[in-house]
Amino acid sequence: MRTPIIAGNWKMHNTIAAALELVKGIHYGLPWPGEVEVIVAPPTTAISKVADFLQDSYIQVAGQDLFWEESGAYTGEISGTLLQDAGASAVIIGHSERRQYFHETDATVNKKIKAALALQLMPIVCVGETLAEREAGQVTEVVRTQILEGLAGLTTAEVTDLVIAYEPIWAIGTGKTATPQQAEDVHVIIRHIIAEQFGNDAADAVRILYGGSVKPANSKELLSLPNVDGALVGGASLKAADFIEIIKSVS
Ligand code: 13P
């Protein structure tokens, strides 16, 4: 039984005041979510205040990235230890925006995953293809490489502890959502890759989220798919009412 996850990636949005207002809107607007884990990933500057407010809430807090070293002379970077100190219990790793704008590779994603797991900070590992790769019929190959290289050297137990987010890049922030069939197909492919490499137990246990223009109008259909274990929501997670609707659509 995989407990679903609805995670909101706020990206580079929200001052501390706006972050608190948003998280209060979710917390008071939905006193109990049911059998679903709810996570918000505020910008780093707001994590501490948001986590303080959420201390007695079901809502967990995630970072949007981390650096693999624990401390040291790495100007501008945030370690897992610092994220935890601020109140985070999870961290998004390898988001396509980080791969695209900040030159992250599967090798750095791998180091980040290992650093997060060592601290018991739950990694939410993003994978997904560009439109050109989809049109060239390369979805399986692209996702396979991202997973095999990103998760290289992990044990079965470690793979069970992490979360994968399938985010087709062409569906992020574009209003274009993968069709339920497209999403389910790739989630099945991802589970097969995990099974081949880490065994059936890991494949059965690992949670695979869908991300890319998830909104209240399409969340119910996407979240009812057998291999979709939740959603990583961008734009629609910035409005409490929409995010609550998406949480409620987990059946
Ligand atoms: P949108 O929901 O805005 O398409 O963003 C998805 C995403 O990138 C979540 O990490």
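Read-outs: derived from the displayed coordinates by stated rules, not from any lab. These numbers come from a predicted model, not from an experiment. Cβ atoms come from the backbone with ideal geometry, glycine included; neighbour counts cover every protein chain shown.
Before moving on, here are some points about what is shown:
- Charge dipole (Cα centre; +1 on Lys/Arg Cβ, -1 on Asp/Glu Cβ; no other charges) of the stretch 127-212 amounts to roughly 200 debye.
- Mean-square fluctuations from a GNM of the chain, with a 10 angstrom spring cutoff on Cα atoms, peak among 170, 68, 32 at 32.
- The dipole here belongs to the stretch 88-244: it is taken about the Cα centre, uses +1 on the Cβ of Lys and Arg and -1 on the Cβ of Asp and Glu, and is about 460 debye.
- Ranking 121, 151, 132 by Cα position along the charge dipole of the stretch 105-157, where only Lys, Arg, Asp and Glu carry charges on their C-beta atoms, puts 121 farthest toward the positive end.
- Exposed trypsin sites (Lys or Arg not before Pro) absent - longest run of the chain, DSSP non-H/G/I/E/B, at most 14 other C-beta within 10 Å: 3-175
- Cross-link table 112/248; 112/215; 114/215; 49/114; 215/239, entries beyond 21 Å C-alpha to C-alpha: 112/248; 112/215; 114/215; 49/114
- Distance between the stretch 66-106 and the stretch 135-170 - C-alpha centres, whole angstrom: 18
- Residue-averaged 222 nm ellipticity for the chain, from DSSP H runs of 4+ at -39500 (n - 2.57), nearest 500: -13000 deg cm²/dmol
- Taking a ≥ b ≥ c as the square roots of the eigenvalues of the Cα gyration tensor, an a/c ratio of 1.5 or more together with a/b no larger than b/c marks the stretch 1-44 as oblate.
- Sequence-distant contacts, meaning Cα pairs under 8 Å at least 6 residues apart, place the relative contact order of the stretch 68-194 at 25 percent.
- Percent of Cα pairs exceeding the 24 Å cut-off, where the set is the chain: 42
- When only the Cβ of Lys, Arg, Asp and Glu is charged (+1, +1, -1, -1), the dipole of the stretch 117-158 relative to its Cα centre reaches about 100 debye.
- Normalising the average separation of contacting C-alpha pairs (under 8 angstrom, six or more residues apart) by the number of residues puts the relative contact order of the stretch 1-89 at 28 percent.
- Options 12, 183, 1, ranked by Cα towards positive dipole end of the chain, top entry (Cβ charges): 12
- Cα gyration tensor category, rounded, prolate or oblate, for the stretch 53-135 with a/c compared to 1.5: oblate
- C-alpha center-to-center spacing [the stretch 229-247, the stretch 174-218] in angstrom: 17
- Relative contact order (%) - criterion: Cα under 8 Å, at least six apart; region: the chain: 21
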